[in-house]
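All of the numbers you see were taken from the coordinates with simple rules; none came from a lab. Source: prediction; values computed, not measured. As a convention, Cβ positions derive from the backbone with ideal geometry for all residues, glycine included, and neighbour counts pool all protein chains shown.
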There are 2 protein chains.
Amino acid sequence: MRRNLRPHTPMLRLTKKADYGLMALKYLAEQAYLAEQAGSDARNSGARSAKDIAEAYHIPPQLLAKILQTLARAGLLLSHAGTNGGYALARAAADISAFEVIRAIDGPLFITSCITIHGTCDLAGHCTIKEPLRKVNDSITDLLSGISVADLIEPADQLPAPMAGGLISIER
Amino acid sequence: MRRNLRPHTPMLRLTKKADYGLMALKYLAEQAYLAEQAGSDARNSGARSAKDIAEAYHIPPQLLAKILQTLARAGLLLSHAGTNGGYALARAAADISAFEVIRAIDGPLFITSCITIHGTCDLAGHCTIKEPLRKVNDSITDLLSGISVADLIEPADQLPAPMAGGLISIER
DNA sequence: CAATCTCCGACCACTTTGGTCTTGCTTCCA
DNA sequence: TGGAAGCAAGACCAAAGTGGTCGGAGATTG
């Protein structure tokens, strides 16, 4: 008997907040590009208010506002208060990695509960699988670090080899 | 007062249950190897009760029992009820991937909330970042699929190049 | 038969997540 | 000069997921 009615338990996923953050950054990157091409006054080039971004993607405005504040606090965005204010990228879109965004919003990511900030393990002596999993963790970190916000704009081109066959050289 | 001093929010991690499951499988793989070497009767070679495994790793026995049941239902373990019963690997340790274990326990893993089982996106038309993230998702899947339970036994040897420099060929 | 062990569902406490609301502060412009 | 537009920063809340426990039912062996 199959129970497909379950809500869905997708573990090992990033939160909706991180999703929203990535979408917002992508949007701002596009706006910056358009503003640069249009040659408009470089003052607020590409700056958009939280409300505008929220409406563009149908995201709860208040929630997105908090996410953007977090991103600004992390130094990924510049905020400008007041009329015609808003957020703009603090750096070039190519210099902001998906890893930075996710870490800023969701905190440090560790694939296993063993690995903490200091590398200590809750299960102290009895956990024997943390070394292989740490390699997986590092690989995912590298993977996300290699993807920039600028990469999110291109739909599906310019990716010569989506996957090669294994980042870790373990063969079975 | 049990105060859990865990301030950080480690997202993108697998659950403790998956950790326990991997540890249990590793343990059973070791037992199977020892039993095979000792040349004992191959009947219950390497079979151990849930209680034994739980004690070996200081895991709550009832919780581990449920995890092992899940693994048995997924076809990764063989269960044998009754006195001197227990669990044993259903296949060779080299033929059970970490991906199978995690999927069996935590369910299908999708890095973004966009990607569901049917590939549909909650944010229907307005989510524009799912294609790049799907590649990340596939890469992680491949990564975990390439690691077998047998690989967990070796501490940290025989891994020529822990990481090469990028599974996805995106350069920034 | 009795002890042992798996099986299975219900149940519970706690944490995290997603989201809202309120209040304040800054900037611009009519 | 006073709003209006916008960010900043809390508290707050409901729903869901996680980790863990309990107790009974059924199978297997001695």
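At a glance:
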{"item": "Long-range neighbours under 8 Å by Cβ, at least six apart or interchain, first residue on the phi < 0 side of the Ramachandran plot within region B:67-88, second surrounded by 14 or more Cβ atoms within 10 Å (Cβ to Cβ) and acidic (D, E)", "result": "B:A74/B:E100; B:L76/B:E100"}
{"item": "Count - residues of region B:42-87 that are assigned to a strand (DSSP E or B) and buried (at least 18 other Cβ atoms within 10 Å of the Cβ)", "result": "4"}
{"item": "Members of region B:45-60 that are away from every other protein chain (no Cβ under 14 Å) and within 13 Å of DNA strand D (Cβ to nearest atom)", "result": "B:A47, B:S49, B:A50, B:K51"}
{"item": "Hits in region A:75-112 (condition: more than 9 Å from chain B (Cβ to nearest Cβ), within 16 Å of DNA strand C (Cβ to nearest atom) and either closer than 30 Å to A:R134 by Cβ or out of contact with any strand residue (DSSP E or B) (no Cβ under 9 Å at 6 or more places or on another chain) (or both))", "result": "A:A81, A:G82, A:T83, A:N84, A:V101, A:R103, A:A104"}
